[in-house]
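K.L.:
Structure below; questions to follow.
What follows draws every value from the coordinates through simple rules; no lab data is involved. Nothing here was measured: the structure is a model prediction, and the numbers come from that model. Virtual Cβ from ideal backbone geometry, glycine too; neighbours counted across all protein chains shown.
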Amino acid sequence: MNRNLFSVFMLSFTVIFTLLISQSAIAQRPSPDQDLQRLKLLYRLDDKQTQKVNKVLVRREKQLAEVQGLRDANTIRVKKQNIFKGAEAAFSQILYPSQYQIFQDEQVRLRKARGQRTMELKKQGNSETSIQDQINEFEF
């Protein structure tokens with residue numbers, strides 16, 4: 001009986017902890033305006049590109065907000081991955097060839113950062129699901 005009670009407690013604690021981590025990750029996300037300014041400086045976007053990128057970022061935030069209403073964590077995870085991949089693909093198509101090299105360099109930097117963060121999270125004892133959720137927040 002005590003073992004079952006302990007199992008239920010640990011499961012509840014894990015679920016609540018995971019939800020808190022995912023909520024804090026969302027709260028830490030930069031706003032679309034902050035992302036736009038960062039991307040504008042990094043890639044030296046012209047006015048036309050800036051308008052297009054802004055549309056991509058606003059659409060991404062709207063889609064992410066819609067996903068938060070879902071109940072199934074796996075569905076949320078897959079949808080978020082697809083949203084980030086779609087935004088990244090749309091962004092890369094907006095760039096001029098001279099800017100695309102910067103994009104590729106940034107992708108290499110992000111892959112390294114994701115790998116390093118994965119190792120840190122594993123050392124902290126995070127579950128694979130928790131790690132995947134946090135790593136998915138790294139983006140262009």
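K.L.:
Give me the base-10 log of I(q)/I(0) for region 96-140 at each q in 0.16, 0.30 Å⁻¹, Debye formula, one uniform scatterer per Cα, rounded to two decimals.
P.N.:
The Debye formula, applied to the Cα set alone, gives -0.48, -1.01.
K.L.:
Starting from 0.36 nm per residue, how many nanometres of slack lie between Gln99 and Arg114 once their C-alpha separation is accounted for?
P.N.:
3.1 nm
K.L.:
What spacing in nm lies between the two simple spin-label points modelled at Val58 and Glu128, each 7 Å away from Cα in the Cβ direction?
P.N.:
For Val58 paired with Glu128, the spin-label model returns 4.0 nm.
K.L.:
Determine the gain in length on full extension of the stretch Asp46-Gln81; use 0.36 nm per residue of separation and subtract their C-alpha separation, reporting nm with one decimal. Could the numbers behind the result be given before it?
P.N.:
Numbers: separation 35, 0.36 × 35 = 12.60 nm, distance 2.81 nm.
Taking Asp46 through Gln81 to full extension adds about 9.8 nm, to one decimal.
K.L.:
Same structure, new question: Given C-alpha coordinates of region 33-78, what is the ratio Rg to Rh with the Kirkwood estimate of Rh?
P.N.:
Result: Rg/Rh = 1.16.
K.L.:
Order of 110-121, 32-43 by packing, highest average Cβ count within 10 Å first? Write down the numbers at each step before the final one.
P.N.:
On the way: 110-121: 13.0, 32-43: 15.5.
Ranked from most to least packed, the peptides come out as 32-43, 110-121.
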